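**Student:** Take a look at the following structure, please.
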Amino acid sequence: MKLSSFLPVFLLASSVLACPDHGDVEDLVERDIEISPRSVEPDFDALVARDEEYEYEGTEEGELDARSLDTEGDLVTRATSCNNGAGAGVCANKSGKCAGGKFYAGFCPGSSSIQCCVKGAKLPSIPVGGCQKYVYTNGYKIMKVFPTLISSVGCKGSRAYKSDHAVGKALDFMLKKIAPNPNATKMAEYIMHNYGSLKVKYIIWNGKIWSRERKETPKAWSKWRKYTPPKALGTGCNARHCNHIHVSFF
């Protein structure tokens, strides 16, 4: 018998075996019905809860970890630069170390414990209480040029006579060496020559005064006007300003 005579019978049998019966079809339909709602309506509560597990953990790319900010001023310390007029520095807590430098108050945001760490020559501190910021900033600018002459600096203070100290607009640079002191004279003349940028009103040094308030032009200290102290000061060295340079600011 030829093989071709069996072909129709073989094809018919294959089609019968491949076709599922009615019961199998119903099972498939029921399962599709069960699966479809889950694929269309996900469990949002579960998704939100899962997302919350991963919030605020930070990443390797440097997201902020709140746990690193548990000390006062740490954020300011890491984020803020400063300049006291004599040099650039970094804001840091004064309870720590300022390697190769010194802390200066009044140049950083935040609490008084956060101060400007400036490396270099350790200049005398200017008290900031009641002192105008531009005044003590300019004071440090002056001392940067003459870092070894000054022992201490005063700013705001009451006086028995009219004085810019009362409003925090004057500095007294107390000298390590009293007059005659050629270097102190150079310092006084330097302040005079830079009256514009420093906002200088007048200068008193060793019995003489130079006043920009009177529209005086820069000249050698020897040609300054004679200074007469207020009676309340007396006539001693401090009254004549032979132990310190007084600078008033506009």
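The values are calculated or read from the model by the stated rules, or taken from the named source; none is laboratory data. Note that the structure is a prediction, hence the values are computed from the model and not measured. Here the Cβ positions follow ideal geometry from the backbone for every residue, glycine too, while neighbour counts run over all protein chains shown.
**Student:** Considering only residues that are in a helix (DSSP H, G or I) and at pLDDT 95 or above, which ones fall in the range 212-237?
**Tutor:** Those that are in a helix (DSSP H, G or I) and at pLDDT 95 or above: Trp221, Ser222, Lys223, Cys237.
**Student:** Select the strands (runs of 3 or more DSSP E) contained entirely in the range 161-211, then report the ones holding at least 2 residues which are closer than 18 Å to Asn138 by Cβ, among the hydrophobic types (A, V, I, L, M, F, W, C) and out of contact with any Asp or Glu (no Cβ under 6 Å at 6 or more places or on another chain).
**Tutor:** Result: 170-175, 200-205.
**Student:** Within the range 129-145, is there a residue that is in contact (Cβ under 8 Å) with a residue 24 or more places away in the chain and more than 22 Å from Cys108 (Cβ to Cβ)?
**Tutor:** Checked against the condition, which is being in contact (Cβ under 8 Å) with a residue 24 or more places away in the chain and more than 22 Å from Cys108 (Cβ to Cβ), the range 129-145 yields at least one hit.
**Student:** Follow-up question, since we're still on this one. Restricting attention to the range 129-145, which residues are outside any helix (DSSP H, G or I) and within 20 Å of Lys201 (Cβ to Cβ)?
**Tutor:** Gly130, Cys131, Gln132 - these are the residues of the range 129-145 that are outside any helix (DSSP H, G or I) and within 20 Å of Lys201 (Cβ to Cβ).
**Student:** OK, next. Residue under question is Asn183, and the condition is that it be closer than 23 Å to Phe250 by Cβ, in the same structural domain as Tyr134 (by TED's automatic domain parsing) and among the polar types (S, T, N, Q); does it hold?
**Tutor:** Answer is no for this residue.
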